[in-house]
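Trainee: The structure follows.
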Amino acid sequence: MSLRILLIDCDAERARLVEEGLAGLDCELLHRRSAAEAFAELDALRPDIVIIDTDAPDRDLLEQIGALRAQARPIVMFVDQSDEDASLRAIEAGVSAYVVNGLSPARVRPILDVAVARFRYIEALRSELARSRADLAERKLIERAKGLLMERRGLSEEQAFAALRRQAMNEGLRLVEVARRVLSVAELLDRVP
């Protein structure tokens with residue numbers, strides 16, 4: 001499978017080192033001289049991996065990277081000089097691998113491999129977190145609907161849950177959808193004088 005790799009670097013010599021490191025890899029290398037130019041074309045370029053090679057990351061570059069989170073992809077950053085604050089801000093912005101003064105052709109592919117693996121791991125954690133939050137929100141709605149039935153109909157918790165489940169089965173809906181309907185109807189009835 002051919003990868004589309006976007007290389008952002010204004011220095012031809014550094015770019016050549018990256019190209020040497022990618023030799024033999026089935027990839028299409030897209031080279032842009034500036035991050036602003038590259039990020040403006042990102043939708044059209046559709047890279048699988050972004051490599052940024054720079055002297056030192058500045059605030060604007062890190063903000064641009066942070067804005068890319070919605071278009072999730074592994075980002076590798078090679079920098080000539082850095083400080084602890086810059087590396088932390090880069091990782092927070094979404095950089096998968098941040099390498100200081102370590103650009104050599106032999107290191108490029110192993111670093112890309114680690115960056116892609118780390119990116120996939122982080123994305124899996126984000127997906128799992130989003131699913132957990134959604135599940136928790138659904139459980140809260142169901143609990144609120146059960147509480148409402150218990151309060152207004154004098155049902156036990158088991159009876160309220162059985163009523164919700166029975167209604168869901170009868171209508172071919174998910175339990176959370178029935179809970180939403182119950183809460184909506186109750187809210188409507190509470191507003192009627």
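Trainee: How high is the relative contact order of the chain, in percent, with contacts defined as C-alpha pairs under 8 Å that are six or more residues apart?
Mentor: It rounds to 16 percent for the chain.
Trainee: Quote to one decimal, in nm, the extra length available between residue 4 and residue 190 on full extension: 0.36 nm per residue of separation minus the C-alpha distance between them. Intermediate values should be presented prior to the final figure.
Mentor: Details: separation 186, 0.36 × 186 = 66.96 nm, distance 5.70 nm.
Gain in length upon complete extension: 61.3 nm.
Trainee: Let me ask you something else. So, in nm, how far is label residue 13 from label residue 40 when the simple model puts each one 7 Å beyond its Cα toward the Cβ?
Mentor: 2.9 nm
Trainee: Where is the GNM fluctuation largest for the chain (alpha-carbon springs, 10 angstrom cutoff): 15, 72, 137?
Mentor: 137
Trainee: Considering only 105, 10, 29, whose Cα is most displaced toward the positive end of the charge dipole of the chain, charges sitting on Cβ of Lys, Arg (+1) and Asp, Glu (-1)?
Mentor: Going by the Cα projections, it comes out as 29.
Trainee: So, one more: Could you give the nm distance between label points at residue 158 and residue 48, where each point is 7 Å from its Cα heading toward the beta carbon?
Mentor: 5.6 nm
Trainee: When 7, 188, 17 are ordered from fewest to most other Cβ atoms inside 10 Å of their Cβ, what list results? Can you show the working numbers first?
Mentor: Details: 7 22, 188 9, 17 19.
Ranking 7, 188, 17 by Cβ neighbours within 10 Å, fewest first, gives 188, 17, 7.
Trainee: If each residue's Cβ is checked for other Cβ atoms within 10 Å, how do 121, 98 rank with the fewest at the top?
Mentor: Sorted ascending by nearby Cβ count, the order is 121, 98.
Trainee: To the nearest 20 debye, what charge dipole does the range 3-103 have about its Cα centre, counting +1 at the Cβ of each Lys and Arg and -1 at the Cβ of each Asp and Glu?
Mentor: 340 debye
Trainee: How many angstrom separate the Cα center of the range 136-165 from the Cα center of the range 104-130?
Mentor: Here the two parts' Cα centres lie 43 Å apart.
Trainee: Can you tell me how the range 3-103 classifies by the Cα gyration tensor, rounded, prolate or oblate, using a/c under 1.5 as the rounded cut?
Mentor: On the way: a/c = 1.63, a/b = 1.15, b/c = 1.42.
Oblate shape, in that a/c is at least 1.5 and b/c is the bigger or equal ratio.
Trainee: While we're on this one: Which GluC sites (Glu not before Pro) in the range 24-89 sit in a loop by DSSP (not H, G, I, E or B) and have at most 15 other Cβ atoms within 10 Å of their own Cβ?
Mentor: 41
Trainee: Where does the chain land on Rg/Rh, using Cα atoms and the Kirkwood Rh?
Mentor: Answer for the chain: 1.27.
Trainee: Which of 30, 141, 22 ends up with the largest GNM mean-square fluctuation for the chain, with Cα atoms connected below 10 Å?
Mentor: 141
Trainee: When 150, 169, 77 are ordered from fewest to most other Cβ atoms inside 10 Å of their Cβ, what list results? Write down the numbers at each step before the final one.
Mentor: Values: 150 16, 169 11, 77 27.
In increasing order of surrounding Cβ atoms, one gets 169, 150, 77.
Trainee: As a test of the formula, what do you get for the chain when each DSSP H run with n ≥ 4 contributes -39,500 (n - 2.57) and the sum is divided by the residue count, at 222 nm and rounded to the nearest 500 deg cm²/dmol?
Mentor: Taken over the chain, the calculation gives -20500 deg cm²/dmol.
Trainee: Toward the positive end of the charge dipole of the range 130-191, about the Cα centre and with charges on Cβ (Lys, Arg +1; Asp, Glu -1), which of 183, 150, 137 goes farthest?
Mentor: 137
Trainee: Taking 8 Å as the Cα distance limit and 6 or more residues as the minimum spacing, I'd like the relative contact order of the range 3-103 as a percentage.
Mentor: Relative contact order for the range 3-103 comes out at 28 percent.
Trainee: Among 132, 104, 156, which one shows the biggest mean-square fluctuation in a GNM of the chain, springs joining Cα atoms closer than 10 Å?
Mentor: For the chain, modelled as a Gaussian network with Cα springs under 10 Å, the answer is 156.
Trainee: In addition: Computed FRET efficiency, Cβ-Cβ of residue 169 and residue 63, R0 45 Å: what is it to the nearest 0.05?
Mentor: Once rounded, the FRET efficiency stands at 0.35.
Each reported figure results from applying straightforward, stated rules to the coordinates on display, with no laboratory input. Predicted, not measured: the structure shown is a model, and the values here were computed from it. Neighbour counts run over all protein chains shown; Cβ positions are idealised from the backbone, glycine included.
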